[in-house]
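Structure record follows, encoded as structure tokens.
Only the coordinates and a few stated rules stand behind these numbers; no lab work does. Values in this document were obtained by computation on a predicted structure and should not be read as measured data. Here Cβ is always computed from backbone atoms with ideal geometry, including for glycine, and neighbour counts include all displayed protein chains.
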Amino acid sequence: MSSRIITLPNVLTIFRMALIPLFVSLLFYQRFLPALGTFIIAGITDGLDGLLARRFQQQSPLGRILDPIADKLMLVTSFIVLTMKGVFPTPIPKHLPIPFWVTITVLSRDVFILVGAAAINIVSGFRAFQPSLPGKISTLVQIVAVATVMLAAQIRVGTGYYLPTVYALVFAFTLFSGIHYIFFVSRLINKSSANSDSAG
């Protein structure tokens, strides 16, 4: 593990976090296509920083912390802002903005996982948390949903046909991944304990 702070992957991660104010500003000024472009650039840098970190052996403890924080900040900010009626032009297209129940599900899952991980770490010292497959799928669904909503706000046609399905998928995958993560972390802890007992 590199202990350096100024590495190219970390710079890309910080750049992705710096894009958030620009992204929010574009949404508030109803510039949905530029906002979508900013969102896509953030996604590209997310893939690049991990690729470069592995390619050039520039993994770092700071990067492991910053990378998921940057991802969650962008997604959570997207859902919160796109839940506000004020960012959409009037008359507001059907099924916009994002319903509150969808956004609160996304936020609640992330808070639940964060608080749960912190509590487990404090009580047991366990730190080997890993993303689960349902969690990765849920994140992908959320990313696609945010992009779809921005496109819908720009195109403003047929939103009543596909947006309800998008919202239902986000809700279902987010809820399932949150419940699954409870059992996933339990297996990780049990496996870690078994390895510790074997080593002992």
Under Karplus coefficients 6.51, -1.76 and 1.60, residue-wise ³J(HN,Hα) of the stretch 11-23 in Hz, glycine/proline x: 4, 5, 5, 5, 4, 4, 5, 5, 6, 4, x, 5, 4
Ranked list, fewest to most other Cβ atoms within 10 Å of each Cβ, for Val87, Val106, Val115: Val115, Val87, Val106
Radius of gyration, Dmax [the chain; alpha carbons; angstrom]: 18.8, 67
Fewest-first sequence of Met17, Met84, Met150 by Cβ atoms within 10 Å of each Cβ: Met84, Met17, Met150
Net charge dipole size for the chain [Lys, Arg +1 and Asp, Glu -1 on Cβ; Debye, nearest 20]: 120 debye
In sequence order, calculated HN-Hα J values of the stretch 79-86 (Karplus, 6.51, -1.76, 1.60; Hz; x Gly/Pro): 5, 4, 5, 6, 8, 8, 5, x
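Where does the charge balance sit around Leu175 when Lys and Arg score +1, Asp and Glu -1, over other residues with C-beta under 15 Å from its C-beta? Mind dumping the intermediate values first?
Working: positive: Arg109; negative: Asp110.
Net local charge, Leu175 excluded: 0.
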Gaussian network model of the chain, springs between alpha carbon atoms under 10 Å - residue of Ala70, Ala172, Ala35 with greatest fluctuation: Ala172
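Give me the extension gain from Phe183 to Thr77: residue separation times 0.36 nm, minus the current Cα-Cα distance, reported in nm with one decimal.
Working: separation 106, 0.36 × 106 = 38.16 nm, distance 2.79 nm.
Answer, rounded to one decimal: 35.4 nm.
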Mean Cα-pair separation over length for the chain, i.e. relative contact order, pairs under 8 Å, 6 or more apart, %: 24 percent
